[in-house]
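Below you'll find the structure, written out as structure tokens, and then a few comments.
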Amino acid sequence: MADGILEGGGTGLRPDLAAILRRVEPDTRALDVGCGDGVLMAALRDQKGVDARGIEIDGACVAACVAQGLSVVQGDADHDLTFYPDGAFDYAILSQTLQTAERPDRMLRELLRVGNRAFVSFPNFAYWRMRWALLSKGQMPVTRHLPVTWYETQNIHHVTVKDFEELAATLGVTIERRWFFTNEREVGGGSANWRAEYALFEVSGGA
């Protein structure tokens, strides 16, 4: 299956990160926004020769990245992306973080300001198991990709596949490619708004 875990098996990466790794061109520059412990950055550096930089709010994660020789600064992506110049990177990456941004629309604009292209992945709040949990229990669901209760979560925007596609259209952003995943495997795009646990988009342009 193209650009899914079936071709990315053996990378040790989550399927959306494996897809990003395969799409990024060698010897380019990438900014990983909310880079966590740096697993994708290390893979980009070691396997593609990418000049990978990161920004991460969690001090322990920053320390873990630095211990691997990765170039990561501690910062808040909602405010600190403004310090990066226009077009500084070939790619900007935002993995499983869009739903935590103060303003996802502004975040997407900033990603495409600092990067020529961007990869954005997020949990799909329209996934059928989440719909069923709301319908049958009347409570906010707890799932693999949303593992904490509503009062503990950092997720402040409940985005769906359709919501992101509409946002991209509103901002004049071009969707270059889409990937959808369930049970850590890629699923087809048909009915992805209810079938996919989480989604990954490669985008460019924007007003």
Report, by residue number, each residue of the range 47-74 that is over 15 Å from Leu31 (Cβ atoms) and assigned to a helix (DSSP H, G or I).
Gln47, Gly59, Ala60, Cys61, Ala63, Ala64, Val66, Ala67
Looking only at the range 19-32, decide whether some residue is among the hydrophobic types (A, V, I, L, M, F, W, C) and modelled with pLDDT under 95.
no
Can you confirm whether the range 85-95 contains a residue that is farther than 11 Å from Gly34 by Cα and among the small types (Gly, Ala, Ser)?
yes
Residues being hydroxyl-bearing (Ser, Thr, Tyr), loosely packed, with under 15 Cβ neighbours inside 10 Å and part of a strand (DSSP E or B): count how many of those fall in the range 185-203.
0
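Go through the range 65-91 and count every residue that is closer than 13 Å to Met41 by Cβ and crowded, with 18+ Cβ neighbours inside 10 Å.
So in the range 65-91, the residues closer than 13 Å to Met41 by Cβ come out as 65-73, 89, 91.
Narrowing the set further to residues that are crowded, with 18+ Cβ neighbours inside 10 Å leaves 65, 70, 72, 89, 91.
Selection size over the range 65-91: 5.
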Within the range 95-103, is even one residue surrounded by fewer than 17 Cβ atoms within 10 Å (Cβ to Cβ), over 29 Å from Asn124 (Cα atoms) and not polar (S, T, N, Q)?
no
Here is a check on your reading of the model: is Arg117 assigned to a strand (DSSP E or B), of a type in the set (Lys, Arg) and over 18 Å from Ala18 (Cβ atoms)?
no
Selection from the range 154-173 of residues that are loosely packed, with under 14 Cβ neighbours inside 10 Å and either polar (S, T, N, Q) or touching a residue at least 40 places away in the same chain (Cβ under 8 Å) (or both):
Gln154, Ile156, Thr170
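The values are calculated or read from the model by the stated rules, or taken from the named source; none is laboratory data. If you're wondering where the values come from, they're calculated on a predicted model, not measured in any experiment. Cβ atoms come from the backbone with ideal geometry, glycine included; neighbour counts cover every protein chain shown.
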